[in-house]
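What follows is a single structure, written as structure tokens, with notes after it.
Derivation of every value follows stated rules applied to the coordinates shown; laboratory data play no part. Note that the structure is a prediction, hence the values are computed from the model and not measured. Neighbour counts are summed over all protein chains in view; Cβ atoms, including those assigned to glycine, are modelled from backbone coordinates with ideal geometry.
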Amino acid sequence: MVSRDRVGVIGLGIMGSAMSGNLIGAGFGVVGYDVLAKRRGVLSKAGGQAARSVRDLAARAPIIITSLPSAEALHVVAAELAGNHHRDQIVIETSTLPIATKDHARKLLAVQGVTLLDCPLSGTGAQARVKDLAVYASGSRSAYRRCIPVFEAFARTHYFLGAFGAGSKMKFLANLLVAIHNVSAAEAIVLGMKAGLDPATMVKVLGDGAGSSRMLQVRGPMMVRNDYTDAAMKVGVWQKDMGIITEFARELDCPTPLFAATTAIYNAAMALGFAEADTACVCAVLESWATIRRRT
């Protein structure tokens, strides 16, 4: 078990900053790094310590969490961490990336005695802020056990799923369901509006019945407000995740017809200028297709 000492966080975006805040609140000392100075400043104001670089952070934290936007970012971070020679260090990799990308980083770090765990997260940025995340962990069981106090500081629950990569496989399934449930929630709300029902009433009533989903509960209120600016998951970032799931299913020759049907709707959101908006904006896309104009 790790002491409530210091945890490093690399990547202080929506998820990384939320995890950092919860770790600080749980009594951990948090040292963080992000390529954007503004994000490092936000961490400092929240009670954390900003590192000057990845290597500076690695020298100060026995357990490191990475929350990164791309495979390229992980390649860069892994190379810098591998150059520090801190044996017995653990890296909790929480990003949604191809398994091959994570496995390459795992092997690179293993040469230096650093253990990389594959630990993607289930939950939105809004859920992360209130510690409503699930950790899908895979890799070394002993390293996982050492990290349990860290997981419990920023997540609602955590699961050990076995060999490295199993966590990512489970995350791909979770995201497949999120893609479908998000669009289905929007579809039901738009159909109801077309029929003259009130959006807020629909979310309240449907959310209390057999047709409810976590996406209806989490993103339904945004659809009711018709305001997608406070993005917990940006459409532009979601496109990356959608592509990973598509390739994962293709490699397995497994049909995913419902997931595939949502692709055009998320693509339309990009075309309509919603790249920086929350993925709940698929409701606005379907409204435009249904020629609905809300009262202002």
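Side notes on the structure shown:
- Where Rh is the Kirkwood radius over Cα pairs, Rg/Rh for the chain: 1.00
- Relative counts (whole %) of C-alpha pair distances in region 6-164, using bins that are 10 Å wide: 12, 46, 38, 4
- Whether region 198-249 is rounded, prolate or oblate, judged on the alpha carbon gyration tensor where a/c under 1.5 counts as rounded: oblate
- 3J(HN,Hα) from dihedral phi, region 88-93, Karplus parametrisation 6.51/-1.76/1.60, rounded to Hz, x for glycine, proline: 6, 6, 10, 10, 8, 8
- For region 181-285, GluC sites (Glu not before Pro) are listed when DSSP marks them as loop and at most 14 other Cβ atoms sit within 10 Å of their Cβ; the list is GLU276.
- Alpha-carbon centroids, region 60-107 and region 131-146: separation in whole Å: 15 Å
- Rounded to the nearest 20 debye, the dipole size of the chain about its Cα centre is 660 debye, using +1 on the Cβ of Lys and Arg and -1 on the Cβ of Asp and Glu.
- Sorted largest first, the spans of the alpha carbon positions of region 168-289 along the three principal axes are 44, 33, 23 Å.
- Lys, Arg +1 and Asp, Glu -1 on Cβ, resulting dipole of region 6-164 about Cα centre, debye, nearest 20: 320 debye
- For the peptides 131-140, 230-239, 201-210, 188-197, residues were scored by their other Cβ atoms within 10 Å and the scores averaged per peptide; the highest-first order is 131-140, 230-239, 188-197, 201-210.
- Net charge over other residues, Cβ less than 9 angstrom from the Cβ of PRO199 (K, R count +1; D, E count -1): +1
- Among VAL111, SER44, HIS86 - extreme Cα towards positive end, dipole of the chain, charges at beta-carbon: SER44
- Considering helices alone, the calculated mean residue ellipticity of the chain at 222 nm is -16500 deg cm²/dmol, with DSSP H runs of length four and up weighted by -39500 (n - 2.57) and normalised per residue.
- Phi angles of region 186-203 translate, via the Karplus equation with coefficients 6.51, -1.76, 1.60 and θ = phi - 60°, into HN-Hα couplings of 5, 4, 5, 5, 5, 4, x, 4, 4, 8, x, 7, 7, x, 5, 5, 4, 4 Hz per residue; Gly and Pro are given as x.
- For ARG6, the amide hydrogen comes within under 5 Å of the amide hydrogens of GLY29, counting only partners 5 or more places away or on other chains and with H modelled in the peptide plane.
- Phi-derived couplings, Karplus 6.51 cos²θ - 1.76 cosθ + 1.60 at θ = phi - 60°, listed residue by residue for region 171-179: 5, 4, 5, 4, 5, 4, 5, 4, 4 Hz, with x used for Gly and Pro.
- Links that overshoot a 21 Å alpha carbon limit, given the list LYS102/LYS169; LYS171/LYS234; LYS107/LYS240: LYS107/LYS240
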